[in-house]
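A short write-up of the structure that comes next.
Read-outs: derived from the displayed coordinates by stated rules, not from any lab. Note that the structure is a prediction, hence the values are computed from the model and not measured. Note: ideal-geometry Cβ built from the backbone for every residue, glycine included; neighbour counts use all protein chains shown.
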């Protein structure tokens, strides 16, 4: 099959790291270095020990990913034993190491797409208040309020429980950050207004980007103090633009279509992307299955499944993370049966978020790279660079790579 007829599906399982990052000691959670963090290995070990039986039971079961080489990839990356993931791989399998000095979403995705981050991100101090006064005043002016709530590091779900009622009473936006380079604004979809929240974040984004803050994130929620508050799927990330053309641009610039699923459009500021499908992870799986059926020849489908990270990693919910992994794996046959001869499918991650670790931040880890070329044999990829992923997808599609990566295909 000519390369122009091939399709590629690049699927990021957000935060599904596999340990072994050589520089993990330079990254921290609550003052503890990330040395030894291993998202997949520690989940599998907890499952095998009967410590992750809420809503599930027994060893971690990921037969489809393991057949491609997931267990082998973890062993390659970190030397860890993975109870339940011990199959002999017959797909493409390896692991990748990041060089960008960050363990965040934009850094990981951009580098996977061929562009390491050339600067140091700005992080807000873990103090209260944590934001500079000029940012607070700019937020108040853009929101039309006399003040803001929060102004500290916080869990997004916890801070709306703590401040949601006061927010509804005062109309002041809830502003908070994390160990990531991010400025997050939570507001009630009904009393504050979704469009007002999105406009507020869009207005502030240039100021934050000039500070090298990676993302301004709108975090809408609904509910009340009596019934509780719930974040909605109308989140929107206003990310700083990549510093150079990425895989999305490489594909788009030669006249091919790029389909984004999940946060990809936000992460890449819609550069080189034709259309976006959003929703909860269950909705994204439906979209991915549809694109496996309908995407045209020569196209790239680039997907991010975020709930491993947002719902379970940050909340240090081992059983929930295991359930999410097993659900994801169980959906793969329904999607992969629609792939065509010559299609490439790769599963990887952007960083780790070990739910057994201290703190609540991402963990610095290598990431698995597993997949298949439909109709072709398997291959050990070895230890690769993040940028090799983008170069390999480009090579498969017959598109010139503009980055420093080398194809492993």
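For residue 274 and residue 49, the FRET efficiency from 1/(1 + (r/R0)^6), where r spans their Cβ atoms and R0 equals 51 Å, is about 0.65.
Stretched out straight at 0.36 nm per residue, the stretch from residue 137 to residue 119 would grow longer than its current Cα-Cα span by 3.8 nm.
Under a point spin-label approximation (7 Å from Cα along Cα-to-Cβ), what is the residue 127-residue 3 distance to one decimal in nm? The answer from the label model is 5.3 nm. Using the Cβ-Cβ distance between residue 165 and residue 203 with R0 set to 35 Å, the FRET efficiency works out to roughly 0.85.
Taken along the Cα-to-beta-carbon direction at a fixed 7 Å, the label points for residue 30 and residue 323 span 2.4 nm. Using a simple spin-label model with pseudo-atoms 7 Å out from Cα toward Cβ, residue 406 and residue 195 lie 5.4 nm apart.
Counting other C-beta atoms within 10 Å, which of 209, 101 has the fewest, and how do the rest follow? Don't jump to the answer; show the numbers that get you there.
Numbers: 209 18, 101 15.
By the 10 Å Cβ count, ascending, the order reads 101, 209.
Taking every C-alpha pair closer than 8 Å and separated by at least 6 residues, the mean separation divided by the residue count of region 346-403 gives a relative contact order of 26 percent. Our summary gives region 1-105 a relative contact order of 22 percent, counting only alpha carbon pairs under 8 angstrom and 6 or more residues apart.
Counting alpha carbon pairs within less than 8 Å and at least 6 residues apart, what relative contact order, in whole percent, applies to the chain? Can you show the working numbers first?
Details: 1011 pairs, mean separation 122.5, N = 409.
Answer for the chain is 30 percent.
Using just the helices of the chain, give the 222 nm mean residue ellipticity in deg cm²/dmol: DSSP H runs with n ≥ 4 each add -39,500 (n - 2.57), and the total is spread over all residues, rounded to 500. Theoretical 222 nm ellipticity from helices: -9500 deg cm²/dmol.
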